[in-house]
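Some notes on the structure that comes next.
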Amino acid sequence: MMLMHVQYLKPGQVGYQAPGVLHAYLEGQNIELMANSDNVLRGGLTPKHIDPAELMLHLDTTSPGQCLLSPIYLMDDELAFSPPVHDFFKVLSSQTWQYKNYTVQYSFGYAGSEG
């Protein structure tokens, strides 16, 4: 039996997941950004290929899991986040507008680093 830490994210919050830490998304909408790689290992809950032996070789059970990143406010519609890796530039541009009875909001990250 495997137990995982549950982390609830509110709209607009950003979480960082360290490499090798098993994670799952149970509900809601999210965008997962990953470094360029072809080594995704799945642990279950998917119809895609699962390789338990290979997963166990790379699984990090010592990491505390996901951490929430605090925003750095740049402008009215821009936030920056500083994950502990050099793979991503960290700036988000955010827009919100009304459509009928719905509020639509999106955030877009841009300009990756060359670390």
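Against the test of being at negative phi, at pLDDT below 80 and of a type outside the set (Asp, Glu), the options Tyr25, Tyr102, Tyr73 yield a single qualifying residue, Tyr102.
Are any of the residues in segment 31-50 under 12 Å from the mean Cα position of the chain (by Cα) and open to solvent by less than 80 Å² (accessible area, probe 1.4 Å)? Yes; the residues of segment 31-50 include at least one that is under 12 Å from the mean Cα position of the chain (by Cα) and open to solvent by less than 80 Å² (accessible area, probe 1.4 Å).
Take the conditions loosely packed, with under 10 Cβ neighbours inside 10 Å and assigned to a loop (DSSP other than H, G, I, E, B) and apply them to Leu22. Does it pass? Considered against the rule, which asks whether it is loosely packed, with under 10 Cβ neighbours inside 10 Å and assigned to a loop (DSSP other than H, G, I, E, B), Leu22 comes out as no. In segment 6-21, the residues that are farther than 20 Å from Leu79 by Cβ form Cβ pairs under 7 Å with partners that are open to solvent by less than 80 Å² (accessible area, probe 1.4 Å) and among the aliphatic types (A, V, I, L, M), at six or more places apart or across chains, as follows: Gly20/Leu59.
Rundown of residues vs (1) hydroxyl-bearing (Ser, Thr, Tyr); (2) farther than 24 Å from Ala80 by Cβ; (3) touching a residue at least 40 places away in the same chain (Cβ under 8 Å), yes/no style:
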position: Glu27; (1), (2), (3): no, yes, no
position: Glu32; (1), (2), (3): no, no, no
position: Ala35; (1), (2), (3): no, no, yes
position: Glu54; (1), (2), (3): no, yes, no
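Filtering segment 64-83 to residues that are part of a loop (DSSP other than H, G, I, E, B) and out of contact with any Gly (no Cβ under 7 Å at 6 or more places or on another chain) leaves Pro64, Gly65, Ser70, Pro71, Asp76, Asp77, Phe81, Ser82, Pro83.
The values are calculated or read from the model by the stated rules, or taken from the named source; none is laboratory data. Given the structure is predicted, the values throughout are model-derived calculations rather than measurements. Here the Cβ is made from the backbone with ideal geometry for all residues, glycine too, and neighbour counts use every protein chain on show. The area values use the complete protein model at the heavy-atom level, side chains included, leaving out ligands, DNA and RNA. Shrake-Rupley method; radii C 1.70, N 1.55, O 1.52, S 1.80 Å.
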